[in-house]
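Structure first, then comments.
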Amino acid sequence: MTLDTATLSRLQFVFTIAYHIMWPVYSIGIAGFIVLLNGLWLRTGKTVYLELMRFWIRLFALGFVMGVVTGVVLSYEIGANWSGFSRITCNVTGPLLMYEALTAFFLEGGFIGIVLFGEARVGRRLHFFACCMVTLGTLLSAFWVLAANSWMQTPQGATLGKDKVFHVDNWASVIFNPSFPYRFAHMVCASYITGVFVVAGVSAIFLLRKSHREFAETGLSLATWIALFLVPLQMLLGDQHGQNTRQYQPMKLAAIEARWDTASSVPLTLFAWPDQKTATNLWAIDVPYLGSLILTHSWKGTIEGLKAVPPQDRPYVPIVFFAFRAMVGIGVLLLSLSLIGAYLRWRDRLFTDRWFLVALVIASPLSFIAIISGWIVTEAGRQPWVVYGALRTADAASPLVAADVGVTTILFIIVYTFLLTGFLWFFLRTIIQSSESTAVGDLPPASARGRMQSTPALFRK
């Protein structure tokens, strides 16, 4: 691989967007959990929900700030490093990203202050409304960003004119392009799964430290109930997304499966080393017929191979192949933890099995890795196109000096490493201080708490 300007710009964008994507995902998941806690607090008046809400609002704020800071950088990077892309697609992507700022960012920015500081000032119901608005803002942000990116994957509703610039013919077709509904549902569900496993991991830390048991048990119980529903749903959504990919981006699916030749009744390749030069798989471990069954829902289904297009039009298969298996492997692990949690709940051991609590702590960051892996599959599987079938990545890059792009990439890595270190320090510090304090969430006076009932049995067992 030659480290020219386009390649270095791609590597820089890979790093910065993979870093950024963690924070919107975290914000969507935790914001949804905060709304649930706030609603339960309003509905039942149970103090434990208030404790949990206040605690997670503090941790949500940390991720929200990180998302804003790293998101602004991406806007400048697209203009600086990808001026060809910006010029050719500006009529499509420009308005979509502007809508994201006008709706999502302004909505979040308008209500985030009430969420963080206004609970005692505006009243419980208005505070609940503010939490809902911030959560809606996180979803709108995902809506517009994914609409833009999905159009790049399955472009429609815009025509490439003689001036080599896309012009919109139908905004509804641009926004609701063929892959958008599947990708939006898949991403939002992944964000909520990420949030609940972070909650489960933090709750497990409290239980391992034998601190604030009712607080920790309620958080863990809610998280495992939600995970038991969302993880299987995510697998169903992933299957439907795969069917859409087979129809509109067959070369991406071929790269995912390292399928070089078009064939029917194809096996499922569990492991192999795809050799891009010879267009073969080394050391392949295959399960007969299972590939066609999973990918086409038929034992005799046909899968188009990579050799259907010239070598220069094929994605780099090893990256796509292994990233997809990392994503699926983590998904299977999270499903296993969800099912084990249901079994332990039935056996009345959900909060006492130490090995399970340790496993939840270890697994809490895995959803982030799965999402980054899935994003790599999506973007690397689209190559060599930045707008699928219409604009090549090499033609989208800015004519910059390669050394300059390399230096800024190194600077990004250094600065973002410090940012991540700072986030983890404050995040862990908040958890440790809360676990050592007498009260987790700045509760009302003891006399007021004494009038409130205990947690319902459903959420404690």
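Structure notes:
- For G305, residues with placed amide H under 5 Å, excluding near neighbours: T262, A263
- Residue-level accessible surface for D395, protein heavy atoms, 1.4 Å, Å²: 100
- Given a 1.4 Å probe and the protein chains as shown, L236 ends up with an accessible area of around 100 Å².
- Ranked order, T302, T138 - accessible area, probe 1.4 Å, largest first: T302, T138
- Mean-position separation - Cα centroids, the range 58-129 and the range 12-56, in angstrom: 16
- Summed over the residues of the range 276-398 and divided among them, the accessible surface reaches 49 Å² per residue at a probe radius of 1.4 Å.
- From most to least packed by mean Cβ count within 10 Å, the peptides 340-353, 277-290, 57-70 give 57-70, 340-353, 277-290.
- Debye log10 I(q)/I(0) for the chain, one point scatterer per Cα, at q = 0.06, 0.09, 0.13 Å⁻¹: -0.29, -0.66, -1.25
- Sorting D163, D239 on solvent-accessible area from highest to lowest, probe radius 1.4 Å, gives D163, D239.
- In Hz, Karplus ³J(HN,Hα) per residue of the range 187-197 (6.51, -1.76, 1.60; θ = phi - 60°; x = Gly, Pro): 6, 5, 4, 4, 5, 5, 4, 4, x, 5, 6
- Computed FRET value (nearest 0.05) for Q247 with A394, which takes r as the C-beta separation and R₀ as 22 Å: 0.25
- Paramagnetic label zone (point 7 Å from Cα along Cα-to-C-beta, E304; backbone N under 16 Å) in the range 226-261: 242-261
- Computed from phi, the 3J(HN,Hα) profile of the range 6-19 under the Karplus parametrisation 6.51, -1.76, 1.60 (θ = phi - 60°) reads 5, 5, 5, 5, 5, 5, 5, 5, 4, 5, 5, 7, 5, 5 Hz, with x in place of Gly and Pro.
- Computed over protein heavy atoms with a 1.4 angstrom probe, the accessible surface ordering of L419, L270, L253, largest first, is L270, L419, L253.
- Within the accessible area of the range 337-447 (1.4 Å probe), percent carbon and sulfur: 71
- Accessible-area value, R325, 1.4 Å probe, nucleic acids and ligands omitted, Å²: 50
- A simple spin-label model places the labels of A342 and K162 6.2 nm from each other, with each point 7 Å out along Cα-to-Cβ.
- Per-residue 3J(HN,Hα) values for the range 55-60, derived from phi via the Karplus relation 6.51 cos²θ - 1.76 cosθ + 1.60 with θ = phi - 60°, read 5, 6, 4, 5, 6, 4 Hz in sequence order (x marks Gly and Pro).
- Estimated from helices alone, the mean residue ellipticity of the chain at 222 nm is -24000 deg cm²/dmol (sum of -39500 (n - 2.57) over DSSP H runs with n ≥ 4, per residue).
- Distance between modelled label sites at L233 and R124, nm, 7 Å Cα→Cβ extension: 2.6
- Added length on full extension, which subtracts the Cα-Cα distance from 0.36 nm per residue, I294 to C90: 69.6 nm
- Angle in degrees between helix 354-363 and the longest Cα principal axis of the chain, rounded to the nearest 10: 40
- Treating r as the C-beta distance of V14 and R213 and R0 as 45 Å, the FRET efficiency rounds to 0.55.
- Long-range HN-HN contacts of N281 with modeled amide H, under 5 Å: D275
The values are calculated or read from the model by the stated rules, or taken from the named source; none is laboratory data. Treat the numbers as computed from the prediction; the structure is a model and nothing was measured. Positions of Cβ are generated from backbone atoms using ideal geometry, with glycine treated the same way; all protein chains shown enter the neighbour counts. We work out accessible area using only protein heavy atoms, side chains counted, and drop any ligands, DNA or RNA first. Shrake-Rupley method; radii C 1.70, N 1.55, O 1.52, S 1.80 Å.
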